[in-house]
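**Q** My structure is below; once you've seen it, I'll send some questions.
The values are calculated or read from the model by the stated rules, or taken from the named source; none is laboratory data. Everything quoted here is computed from the prediction, not taken from an experiment. Every residue, glycine among them, receives a Cβ derived from its backbone with ideal geometry; neighbour counts consider all protein chains shown. Protein only, heavy atoms only, side chains kept; ligands, DNA and RNA dropped before computing areas. Shrake-Rupley method; radii C 1.70, N 1.55, O 1.52, S 1.80 Å.
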Amino acid sequence: MNRIVAWLNDSFAPTMQGVVRRPWIAAVSSAMQKNLPFILTGSLIFLYGVFRDFFPALPDLWIIAANTFGLLGLITAFMIANQVMEKLQHHSYSVTAGITSIAVYQMFTLPT
């Protein structure tokens with residue numbers, strides 16, 4: 001057991017810290033952290049739905065869950081491109097890159 005802990009501390013952890021410092025990996029990590037409130041909102045609504053099954057008088061909040069999970073792809077597309085530009089120190093292009101990534105996402109998901 002001590003050899004495993006030593007390997008994790010001496011070899012694996014420094015290697016992973018080097019990988020995570022790369023701007024592209026750090027950008028994806030940061031974008032996912034910024035998406036967590038949307039994921040949490042949708043999850044809480046699903047949990048609320050369990051209680052609504054037992055108490056039908058409660059209002060239906062399904063539209064909130066549908067919108068949070070339905071828009072999560074768009075939000076993720078925007079946030080990843082936005083965070084890549086932030087991590088690469090191209091702050092003036094961060095919003096433009098985010099909007100462009102939404103357009104590319106839409107082209108791939110709704111081809112005509």
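**Q** Need a quick list: helices (runs of 4 or more DSSP H) entirely within the range 46-112 having at least 2 residues that are among the aromatic types (Phe, Trp, Tyr).
**A** 62-70, 94-109
**Q** Are there any pairs with C-beta distances below 8 angstrom linking a residue in the range 75-86 that is in contact (Cβ under 8 Å) with a residue 60 or more places away in the chain to a residue that is assigned to a helix (DSSP H, G or I) and open to solvent by 20 Å² or more (accessible area, probe 1.4 Å), with the two at least 6 apart or on different chains, and if so which?
**A** That search, which allows pairs on different chains as well, returns Val84/Pro23; Val84/Trp24; Val84/Ala97.
**Q** With the condition kept exactly as written, say whether any residue in the range 4-25 is of a type outside the set (Ser, Thr, Tyr), in a helix (DSSP H, G or I), surrounded by 11 or more Cβ atoms within 10 Å (Cβ to Cβ) and touching a Lys or Arg at 6+ places or on another chain (Cβ under 7 Å).
**A** Yes, that holds for at least one residue.
**Q** Also: Just to verify a result, which residue in the range 30-42, among those that are open to solvent by less than 50 Å² (accessible area, probe 1.4 Å) and out of contact with any Asp or Glu (no Cβ under 9 Å at 6 or more places or on another chain), is farthest from Leu74 (Cα to Cα)?
**A** Here the residue is Gly42.
**Q** Among (1) open to solvent by 50 Å² or more (accessible area, probe 1.4 Å); (2) modelled with pLDDT under 95; (3) within 21 Å of Trp24 (Cα to Cα), which single condition is Ser92 missing?
**A** Result: Ser92 fails condition (2) only.
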